[in-house]
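Okay, so here's the structure we're looking at.
The values are calculated or read from the model by the stated rules, or taken from the named source; none is laboratory data. Computed from a predicted model, the values in this text were never measured in an experiment. All Cβ positions, glycine included, derive from the backbone under ideal geometry; neighbour counts span all protein chains shown.
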Amino acid sequence: MDAREISFGWDRATDERSLAAFLQRFSRPALLEALLPRLSDPEIGDLVDHLSRLMRRHLSEGEYHRLFLFDPNQTDGSSGRPLTHTDDACP
């Protein structure tokens, strides 16, 4: 998706495509190399906490291992339950 096409608030499908494109652009090495040294320690902590909360809320433990940790041996045949704050698998 071209950067000019990223927009939010039109409909769910557009929001999802736009968010995917936004996050892909955000994670580009050149941007991260420029941005990360400028973030304060609290900003880094807040960002990690927020993303971790989203994964805990919306991914099962198996999904977290396969999709985030890239653990190809992890199946999603466990309980299928979302990760909780007490799970050690996700900070």
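Observations on the model:
- Which listed residue, of R57, R66, is surrounded by fewer than 14 Cβ atoms within 10 Å (Cβ to Cβ), part of a helix (DSSP H, G or I) and under 15 Å from the mean Cα position of the chain (by Cα): R57
- Yes/no for S27 being assigned by TED's automatic domain parsing to the domain that holds E5, hydroxyl-bearing (S, T, Y) and either in contact with a Cys (Cβ under 7 Å, 6 or more places away or on another chain) or modelled with pLDDT of 95 or more (or both): yes
- Just one of (1) under 11 Å from the mean Cα position of the chain (by Cα); (2) exposed (fewer than 11 other Cβ atoms within 10 Å of the Cβ) fails for R38. It is (1).
- Among the residues making up region 1-22, those that are surrounded by 10 or more Cβ atoms within 10 Å (Cβ to Cβ) and not aromatic (F, W, Y) are M1, E5, I6, S7, T14, D15, E16, R17, S18, L19, A20, A21.
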